[in-house]
Amino acid sequence: KLLTVEKLNISYGSEPVDAEISFSLKRGEILSVVGESGCGKTTLLKAQLGLPDFGACVTGGHITFDGAELAALDERSRKKLLGDRIGMIFQDPGAAFNPIRSYKKQLAEMLKSHGRFSREDSYKDVLECFEKLGLPDGKRILDSCPYEMSGGMNQRISIAAAMLLKPELLLLDEPTSALDVTTQKTVVEELLKLRDLTGTAMIIVTHNLGIAAKMADVTGVMYAGRIVEYGVTRKVLNSPVHPYTKSLVAAIPTIDGGVPTGLEGQPPLCVETLDVCPFRDRCPVRNERCQGRKHELTAGSNGHYSSCWEGML
């Protein structure tokens, strides 16, 4: 396995989140993480980078990349690993670039820092990558600065930058949120080509269940900092077991004009203890059997896991 996460717990300052998140990822496999805003998807993604200052602290568990424990790496080893073997595409493309320096200089520096720069051949590769992502006027883009481009343009350029390094693991935080649907299709197709050509594994955080269905081999559904359902994407989305996953799927507008069903209430920021179900206050099927039930993923058929007894019996 390329990546293994085992019983991961995180705290936000003095607020602990005993999530006990566990999953593994093989080379070339794509995992999507879905759920409401604020449930911890981006935090889970950034924890894979092994950074000590991303706004939260890993307080327990293990993250192992290709046999190496990320928390045990020194700063020099971590810098060599990030970008070269582990890449990330941020939700905010402004986080990836200096707004007042040309893309040409910034992309050249990126490639040089990873030993991938070979003068004009590198610029040729950049232009080819731009064209694949629907950016045909590549020479003008290279001479431009990020502040001169729209959010969608910056997003595509940041995706191109990550693809140029061909990392073994690519972390994507809402990579298509700033794009129109036509460009989303192009980006998704190119990311899948990258996986097929290089065997890049990916973890994609998204609110778009359609993108999860198109790209992901497996899907984890997060709620209040915990994975409440996990399994093969087709089965999770077509035959959900957990009431929260059912609510997410029911909230999608249908092509026949059916009105989507909403979910009342607001999710908690976090639930400190594993002794209760985090979804209990909003659950439409809650009953006396839920009293005292701990949060724990239970295995069903064909590697499908859920933390709810409903549907798993």
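The values are calculated or read from the model by the stated rules, or taken from the named source; none is laboratory data. Because the structure is a prediction, the values reported are computed rather than measured. When we count neighbours, we look across all protein chains shown, and the Cβ atoms used for this are built from the backbone with ideal geometry, even at glycine. The area values use the complete protein model at the heavy-atom level, side chains included, leaving out ligands, DNA and RNA. Shrake-Rupley method; radii C 1.70, N 1.55, O 1.52, S 1.80 Å.
Which pairs have Cβ atoms under 9 Å, sit 6 or more apart or on different chains, and link a residue in the stretch 65-93 that is farther than 17 Å from VAL5 by Cβ and of a type in the set (A, V, I, L, M) to one that is open to solvent by 70 Å² or more (accessible area, probe 1.4 Å) and modelled with pLDDT of 85 or more?
Taking only residues 6 or more apart or on different chains, not a single pair turns up.
How many residues, within the stretch 14-35, are at pLDDT 80 or above and open to solvent by 50 Å² or more (accessible area, probe 1.4 Å)?
4
Give me a count of the residues in the stretch 72-109 that are open to solvent by 70 Å² or more (accessible area, probe 1.4 Å), touching a Leu at 6+ places or on another chain (Cβ under 8 Å) and of a type in the set (A, V, I, L, M, F, W, C).
So the count comes out to 0.
What are the residue pairs meeting all of these: first residue in the stretch 147-168, first residue under 12 Å from PHE97 (Cβ atoms) and in contact (Cβ under 8 Å) with a residue 12 or more places away in the chain, second residue among the hydroxyl-bearing types (Ser, Thr, Tyr) and crowded, with 22+ Cβ neighbours inside 10 Å, Cβ atoms under 8 Å, and 6 or more apart or on different chains?
What qualifies is GLN155/THR176; ILE157/TYR103.
One residue is enough: does the stretch 110-125 have a residue meeting the conditions touching a strand residue (DSSP E or B) at 6+ places or on another chain (Cβ under 8 Å), open to solvent by less than 60 Å² (accessible area, probe 1.4 Å), assigned to a helix (DSSP H, G or I) and among the hydroxyl-bearing types (Ser, Thr, Tyr)?
No, every residue in the stretch 110-125 fails to be touching a strand residue (DSSP E or B) at 6+ places or on another chain (Cβ under 8 Å), open to solvent by less than 60 Å² (accessible area, probe 1.4 Å), assigned to a helix (DSSP H, G or I) and among the hydroxyl-bearing types (Ser, Thr, Tyr).
Go through the stretch 87-128 and give me each residue that's under 21 Å from SER150 (Cβ atoms), of a type outside the set (A, V, I, L, M, F, W, C) and at pLDDT below 85.
Across the stretch 87-128, the qualifying residues are GLN91, ASP92, PRO93, GLY94.
Kindly indicate whether GLY225 is open to solvent by less than 20 Å² (accessible area, probe 1.4 Å) and at positive phi.
yes
Any idea which of THR42, THR59 is in a strand (DSSP E or B) and surrounded by 12 or more Cβ atoms within 10 Å (Cβ to Cβ)?
On inspection, the qualifying residue turns out to be THR59.
For residues that are over 19 Å from VAL181 (Cβ atoms) and open to solvent by less than 10 Å² (accessible area, probe 1.4 Å), tally how many sit in the stretch 210-222.
Within the stretch 210-222, residues that are over 19 Å from VAL181 (Cβ atoms) and open to solvent by less than 10 Å² (accessible area, probe 1.4 Å) number 4.
Counting only residues that are touching a residue at least 40 places away in the same chain (Cβ under 8 Å) and farther than 30 Å from ASP275 by Cα, which one in the stretch 197-209 is most open to solvent (accessible area, probe 1.4 Å)?
Ranking the candidates gives GLY199 first.
Within the stretch 228-276, can you find the residues that are open to solvent by less than 60 Å² (accessible area, probe 1.4 Å), modelled with pLDDT of 80 or more, among the β-branched types (Val, Ile, Thr) and out of contact with any strand residue (DSSP E or B) (no Cβ under 9 Å at 6 or more places or on another chain)?
VAL249
Restricting attention to the stretch 24-39, does a residue exist that is within 30 Å of LEU135 (Cβ to Cβ), of a type in the set (A, V, I, L, M, F, W, C) and assigned to a loop (DSSP other than H, G, I, E, B)?
Looking for residues that are within 30 Å of LEU135 (Cβ to Cβ), of a type in the set (A, V, I, L, M, F, W, C) and assigned to a loop (DSSP other than H, G, I, E, B), one finds none in the stretch 24-39, hence no.
Go through (1) in contact (Cβ under 8 Å) with a residue 40 or more places away in the chain; (2) under 17 Å from LYS166 (Cβ atoms); (3) not polar (S, T, N, Q) for ASP125 and report which single condition fails.
The single condition ASP125 does not satisfy is (1).
Looking at the stretch 164-189 only, could you name the residues that are closer than 21 Å to LEU2 by Cβ and open to solvent by 20 Å² or more (accessible area, probe 1.4 Å)?
Scanning the stretch 164-189 gives LEU164, LYS166, GLU168.
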